[in-house]
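What follows is a short report on a single structure.
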Amino acid sequence: MAKKTKRKLAHPKLPMQRMLNLRDEGRHFDLRTIFNELNERHFRGRLRGYTVTWGRRRKHRPKEYFVFGSIQEEDRVIRINPLLDQPFVPLWFLKYVLYHEMLHSVVPDETGPGGKRRVHTEEFNRRESLFPHYRRARRWEEENLARFLR
């Protein structure tokens, strides 16, 4: 049986992607360098053609929840919330967030009861927990979430 892959047809330069001002260098962290390191260490260099960028700054911070990062697999774009580009954010936490988004590109989604799509499957959670600073990162996230909310 062929190995099931999550990768969708990629169009590296879709019109929307060309219109965005995509940048990987922040004031404190360079996402491209971190992506390349994680790609080699945890994915054997298999994630190719990805753009990794800081997202746009919002005028208003969210009140109830905070999205640290996202992946748009169709365009191969990973966005990291620009509020993470601050000196108080540990490098190991940013690596964890980027690793989490990268993991979405290799672990297939599942369809649950009622046709609901699940992206954080048992396999995803298992592989995520293998990240070297996983427990420490989850604890830091809980302890510092309020700093990102208003």
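Brief remarks follow.
- Some residue of region 94-104 being touching a residue at least 24 places away in the same chain (Cβ under 8 Å) and basic (Lys, Arg): yes
- Residue match in region 24-31 (condition: assigned to a loop (DSSP other than H, G, I, E, B), at pLDDT below 80, surrounded by 14 or more Cβ atoms within 10 Å (Cβ to Cβ) and touching a Leu at 6+ places or on another chain (Cβ under 9 Å)): yes
- Failed item in (1) under 21 Å from HIS28 (Cα atoms); (2) open to solvent by less than 40 Å² (accessible area, probe 1.4 Å); (3) of a type in the set (Phe, Trp, Tyr); (4) not in a loop (DSSP other than H, G, I, E, B), with TRP92 passing the rest: (2)
Conditions tested, residue by residue: (1) surrounded by 15 or more Cβ atoms within 10 Å (Cβ to Cβ); (2) more than 26 Å from ARG46 (Cα to Cα).
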| site | (1), (2) |
| --- | --- |
| LEU103 | yes, no |
| ASP109 | no, no |
| GLY115 | no, yes |
| PHE124 | yes, no |
| ARG139 | no, yes |
| PHE148 | yes, yes |
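- Residue match in region 100-115 (condition: in contact with a strand residue (DSSP E or B) (Cβ under 6 Å, 6 or more places away or on another chain) and closer than 27 Å to THR33 by Cβ): yes
For every residue, the table says whether it meets (1) modelled with pLDDT of 95 or more; (2) open to solvent by 60 Å² or more (accessible area, probe 1.4 Å); (3) of a type in the set (Asp, Glu); (4) part of a loop (DSSP other than H, G, I, E, B).
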{"residue": "VAL67", "(1), (2), (3), (4)": "no, yes, no, yes"}
{"residue": "ASP75", "(1), (2), (3), (4)": "no, no, yes, yes"}
{"residue": "ILE78", "(1), (2), (3), (4)": "yes, no, no, no"}
{"residue": "TYR99", "(1), (2), (3), (4)": "yes, no, no, no"}
{"residue": "ARG136", "(1), (2), (3), (4)": "yes, yes, no, no"}
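- Flag if THR53 is in contact with an Asp or Glu (Cβ under 6 Å, 6 or more places away or on another chain) and closer than 14 Å to LEU31 by Cα: yes
The values are calculated or read from the model by the stated rules, or taken from the named source; none is laboratory data. Quantities reported herein were computed from a predicted structural model and do not represent experimental measurements. Don't worry about glycine lacking a Cβ; one is built from the backbone with ideal geometry, like all the others, and counts go over all protein chains shown. SASA here: full protein model, heavy atoms, side chains in, ligands and nucleic acids out. Shrake-Rupley method; radii C 1.70, N 1.55, O 1.52, S 1.80 Å.
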